Amino acid sequence: MSADSDAAIVRAENVTKRFGALTAVDQVSYSLRRNEVAGIFGSNGAGKTTFFNLLTGYYVPEEGSIWYKGEDITRRPIQQRVAMGMMRTFQLTSTFDNLSVVDNLVLAFYRAHRSVSLWRMLFSTCRAHRNEPRVLAALETFDLGDQRDKEVRHLSLGEKRRLEIAMSMLAEPEVLLLDEPLAGLADSEIKSVLEVLGRQVGKQTIVIVEHKVSAVKEFVQRLLVMHEGRVIAEGGYDECMQHPEVRRSYWQIDARQRGDEQ
Amino acid sequence: MDTQLFLSGVIFGLSIGSIFFLMAIGLSLCFGLMRVISLDQLLYYSIGAYITYSLSLALGSVWLGVLGGMIMGGLASFAVERFIFRRIYERDVTFSMITTFGILIGGVGIIKSIWGLVPRPVPVPISTQIDIAGTAVPAYRLIVIVVAIAVYGAIWLFLNRTIVGKAIRAGIEDVEHVEGLGINVYRLFTITFIIAGVLSGLAGGLHAPLIMVDPVMGLEVLAFVFMVVIIGGLGSIKGTLVSAFLVGQVVSLGSLVYAPLAQMAPFAIMLLILLLKPTGLYGSPLLKR
């Protein structure tokens, strides 16, 4: 196991999370290798997001443990995991509606690159960081320059999602976990988001939870397929799709997606 | 009603509204960010007043007393946040209300045992009267109003300019997402509680020369402060300022028209505003949780 844990940046060991009588995540073990692009796939209620929440600290598992770079982080708070280098996005965007686009970016930037100390933040203004090269680059990359001073509540869903990804990438986490980053986006937007993510391949460990696996099949190197809280297949895209249990569980979704693509 | 009476009524209303504002802003921020109802702030208001009383006797300066009251209010709020709120953040909002009501009542008992039951007078630090349109207005009341407006300005700058302020505003929307950026939200909570405690202490200290300081003074303003928070809209500082002045005027001018109105009229206004705008004057529908 020790050889394996050297290669793995994030490792879950037999984690289980129950909500009352429902076992949302059932004895899942999973390893993420450094700088790989991994996908977690499954239908609604398969436990993908719950598993994500366990990895990122939003839930504490009833059983099992979670490791980051060989350290047990099962009970570490969210904020400490972020400080260690794990950052996530949400299905429903986690941008702040009352702040301007650029101030959302400044918050993410400042915490990651300037100071963790609130004492220092108390004496720092947002204005002083609005023209940071990395903030400007993020606006450029995610095509948000025109929206710079708009309050986020006036943005479209696609723009909010781009902003959220921009915020998480601005923090340059070692592990970036994206929860359905493409949901609700138009095809052109999906393309531009994947393009930006594509540039990070090999530089960051990226995990994508997706519903619509066909959209990211070119992108992910390894897939984890979940069904009713359990892992039913793990491996390359084609390998997983050929797996009999995956075919049995997902033939409906598969058929529907083929419908989408036509 | 002649103009002199009216004008002095308005000034009285503004000054009492200023006190309400200083109290309500802390409550509003605490609810907005932590989703707790911090009734213990009313205790720090009483503490502020009593410290002002004791220090003004000992040092001969009301201003130093007010400063001492602010420091004690901040320290008390800090301690309660650290040792009590930390344990109950996860609970329901009503739990915080009951817990802090207990702290308030317990604190009133401690105040009684230290300072006794007899109301204490605090001298007005400036007895000058200023002539405004033929009406003699006590300068001290004007100072109270100026202090409240200055505090409003300072809080506005803090929330809109500094990174911590932005983080607090972001946290009012969603604390977990702020934590998701890697910001230690418990520190944000502590900072917010200290600010609230200092302002409550300031309110008590400034109010002391205008009233008799007595152990249950916190309970006496409780209803008004709550009203200010609700009318203004939870989590909105601008709304809190506007509604504090509004409630102050209603109390003051209401009592000029017909004395019992002072108690009743603010409730009527609150009812009316909530009927028209359930989130309060500047309340944001964003506060869904």
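As a footprinting exposure proxy, order B:Leu256, B:Leu202 by other Cβ within 10 Å, with the fewest listed first. Don't skip to the answer; put the middle values down first.
On the way: B:Leu256 17, B:Leu202 27.
The fewest-first ordering by Cβ neighbours comes to B:Leu256, B:Leu202.
Per-residue counts of other Cβ atoms within 10 Å, averaged by peptide: what ranking do you get for A:241-249, B:33-41, highest first?
Numbers: A:241-249: 14.9, B:33-41: 24.8.
Output ranking for A:241-249, B:33-41: B:33-41, A:241-249.
Within segment A:23-53, name every residue whose backbone N is under 11 Å away from a label modeled 7 Å from Cα of A:Glu63 along the Cβ vector.
Residues passing the 11 Å test: A:26-28.
List the pairs from A:Lys150/B:Lys238; A:Lys48/A:Lys191; A:Lys191/B:Lys238; A:Lys17/A:Lys69; A:Lys160/A:Lys217 whose alpha-carbon separation is above 31 Å, in the order I gave them.
On the way: A:Lys150/B:Lys238 21 Å; A:Lys48/A:Lys191 23 Å; A:Lys191/B:Lys238 43 Å; A:Lys17/A:Lys69 22 Å; A:Lys160/A:Lys217 24 Å.
Over 31 Å apart, Cα to Cα: A:Lys191/B:Lys238.
Which whole number in µm²/s is D for segment A:1-113 by Stokes-Einstein, with the Kirkwood Rh taken over Cα pairs at 4 °C and 1.567 mPa s?
On the way: Rh = 15.5 Å.
Estimated via Stokes-Einstein, D reaches 84 µm²/s.
Which order do the peptides B:225-236, A:128-139 take when ranked by the mean count of other beta-carbon atoms within 10 Å per residue, highest first?
On the way: B:225-236: 25.1, A:128-139: 16.3.
With the highest mean Cβ count within 10 Å placed first, the list reads B:225-236, A:128-139.
For segment A:83-88, what does the Karplus curve 6.51 cos²θ - 1.76 cosθ + 1.60, with θ = phi - 60°, yield as ³J(HN,Hα) per residue in whole Hz, taken in order and with x for Gly and Pro?
My calculation for segment A:83-88 gives 4, 6, x, 10, 9, 10 Hz in order.
For B:Ala139 and B:Ile105, what is the calculated FRET efficiency with R₀ set at 41 Å and r taken between the beta-carbons, to the nearest 0.05? Don't jump to the answer; show the numbers that get you there.
Working: r = 36 Å, r/R0 = 0.89.
FRET efficiency, B:Ala139 to B:Ile105: 0.65.
Go from 0 up to the bin containing the longest alpha carbon distance in segment B:179-289, width 10 Å each, and give me the % of pairs per bin.
Histogramming segment B:179-289 at 10 Å steps yields 13, 34, 34, 15, 3, 0 percent.
Counting only C-alpha contacts under 8 Å and six or more residues apart, can you give the relative contact order of chain B as a whole percent? Before the final figure, lay out the partial values.
Working: 488 pairs, mean separation 101.0, N = 289.
Relative CO of chain B lands at 35 percent.
Rounded, prolate or oblate, given the Cα gyration tensor of chain A, with a/c below 1.5 counting as rounded?
Details: a/c = 1.95, a/b = 1.35, b/c = 1.45.
It is oblate, given that a/c is not under 1.5 and a/b is not larger than b/c.
Find how many whole Å separate the alpha carbon centroid of segment B:225-270 from the alpha carbon centroid of segment A:1-71.
53 Å
If you take the beta carbon distance between A:Asp238 and A:His154 as r and set R0 to 45 Å, what does 1/(1 + (r/R0)^6) give as a FRET efficiency, to the nearest 0.05?
Numbers: r = 43 Å, r/R0 = 0.95.
Efficiency, from the Cβ-Cβ distance: 0.55.
Tally Lys/Arg at +1 and Asp/Glu at -1 over every other residue whose Cβ is under 11 Å from the Cβ of B:Tyr53; what's the total? Present the calculation step by step, with values, prior to reporting the outcome.
Values: positive: B:Arg120; negative: B:Asp214.
Cβ neighbours under 11 Å give a net charge of 0.
What list do you get for A:Glu189, B:Glu81 if you sort them by fewest beta carbons within 10 Å? Please report the intermediate quantities before stating the final value.
Details: A:Glu189 18, B:Glu81 25.
So the ranking, lowest neighbour count to highest, is A:Glu189, B:Glu81.
Looking at segment A:94-123, which chymotrypsin sites (Phe, Trp or Tyr not before Pro) are in a loop (DSSP not H, G, I, E or B) and have at most 13 other Cβ atoms within 10 Å?
Working: sites: A:Phe96, A:Phe109, A:Tyr110, A:Trp119, A:Phe123; in loops: A:Phe96, A:Phe123.
Filter output for segment A:94-123: A:Phe123.
Could you work out the mean projected area of the convex hull around the alpha carbons of segment A:131-222, in square nanometres to one decimal? Can you show the working numbers first?
Numbers: hull surface 24.4 nm².
If I average the Cα hull's projected area over directions, I get 6.1 nm².
Taking the C-alpha atoms of chain B, how large are the radius of gyration and the largest Cα-Cα span, Dmax, in Å?
Calculated on Cα positions, Rg and Dmax stand at 18.6, 60 Å.
Considering amide H positions built from the backbone, and no H for Pro or chain starts, which residues 5 or more places from B:Ile132, or on another chain, come under 5 Å of its amide H?
Answer set, sorted by chain and number: B:Val137.
For B:Ala223 and A:Asn131, what is the calculated FRET efficiency with R₀ set at 56 Å and r taken between the beta-carbons, to the nearest 0.05? It would help to have the intermediate numbers written out before the result.
Working: r = 48 Å, r/R0 = 0.86.
That gives a FRET efficiency of 0.70.
Cβ neighbours within 10 Å, averaged per peptide: list B:49-57, A:33-41 in order, most packed at the top. Could the numbers behind the result be given before it?
Working: B:49-57: 24.0, A:33-41: 20.2.
Order by mean packing, descending: B:49-57, A:33-41.
Using the alpha carbon gyration tensor of the protein assembly as shown, what are the three equivalent-ellipsoid semi-axes (square root of 5 times each eigenvalue), largest first, in whole Å?
Square roots of five times the eigenvalues give 54, 24, 21 Å.
Based on other C-beta atoms within 10 Å, arrange A:Tyr58, A:Tyr30 from fewest to most. Present the calculation step by step, with values, prior to reporting the outcome.
Values: A:Tyr58 17, A:Tyr30 20.
Ordered by Cβ neighbours within 10 Å, fewest first: A:Tyr58, A:Tyr30.
Rule-based calculations on the coordinates, nothing more; no lab input. Since the structure is predicted, the reported quantities are computational estimates derived from the model, not experimental observations. Quick reminder, even Gly has a Cβ in these numbers, built from the backbone with ideal geometry, and neighbours come from all protein chains shown.
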